[in-house]
Amino acid sequence: MRTLGRKHRSTTTLHAMSKTNYKLIIISLLGFLVAACGAGPSALTNSQDPTGSGRYFDVGPVQIQNAVIVSDGTNSKLVMNAFNNSDTPQTILTISVAGQPVVGNIQIPPVGVTSTKQSEYIEIVLTGLNPPMSQYVQLQVEFETLGIATTEVLVVPNEGQFAEISFDQTNN
């Protein structure tokens with residue numbers, strides 16, 4: 001009879017251990033299922049802006065990307081990319097920084113790009129304006145047919161990806 005008792009106890013212990021293992025497996029699977037709920041077409045990683053310091057915004061079919069003010073501590077320059085996703089040219093009538101008009105009449109070709117970051121495109125020198133580093137400054141872009149867009153852009157040092165920005169006094 002003692003042998004029977006031992007068998008009975010060991011069977012009960014094994015049965016209890018297997019119940020515990022099943023519970024752990026089920027809890028683990030539930031954890032994976034809950035974690036997977038964050039994935040899919042509306043996951044947070046799908047709605048994040050591109051990396052970088054620049055501001056990204058849309059005005060109708062025009063996308064302004066990576067808009068920043070680059071400064072060497074004495075001089076400043078507005079740097080941005082403007083993409084026109086329409087079939088007709090778009091015109092920026094005026095760009096103002098901190099309430100000061102700095103440039104106007106920039107043509108953005110249809111389904112094309114005008115970049116103020118690369119020297120072969122337009123760079124906007126901010127004469128007489130030297131905002132503090134790491135601060136946000138108001139940027140206003142007025143389009144001929146799309147209206148006015150106002151946002152804030154960050155002032156960044158001319159290092160890293162902006163190290164090659166020159167501060168000569170010509171707007172290319």
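The values are calculated or read from the model by the stated rules, or taken from the named source; none is laboratory data. In this text, all values refer to a predicted model and were calculated from it rather than measured experimentally. In this analysis, Cβ positions are derived from the backbone assuming ideal geometry, glycine residues included, and neighbour counts consider all displayed protein chains.
Screening the range 111-144 for residues that are more than 17 Å from V70 (Cβ to Cβ) and within 24 Å of the chain's Cα centre (by Cα) and picking the one that is modelled with the lowest pLDDT gives G112. Scan the range 65-73 and give yes if some residue there is in the same structural domain as T145 (by TED's automatic domain parsing), at pLDDT 55 or above and over 24 Å from the mean Cα position of the chain (by Cα), otherwise no. Within the range 65-73, one or more residues are in the same structural domain as T145 (by TED's automatic domain parsing), at pLDDT 55 or above and over 24 Å from the mean Cα position of the chain (by Cα). All conditions but one from (1) at negative phi; (2) touching a residue at least 40 places away in the same chain (Cβ under 8 Å) apply to G73; the one that does not is (1). Looking across the range 149-167, the residues that are part of a helix (DSSP H, G or I) and either under 20 Å from D58 (Cα atoms) or not small (G, A, S) (or both) come down to Q161, F162. Could you tell me whether N46 is out of contact with any helix residue (DSSP H, G or I) (no Cβ under 9 Å at 6 or more places or on another chain), at pLDDT below 90 and within 19 Å of Q107 (Cα to Cα)? Judged against the criteria, N46 is not a match. All of (1) among the β-branched types (V, I, T); (2) at pLDDT 90 or above; (3) more than 18 Å from R55 (Cα to Cα) hold for V155 with one exception: (3).
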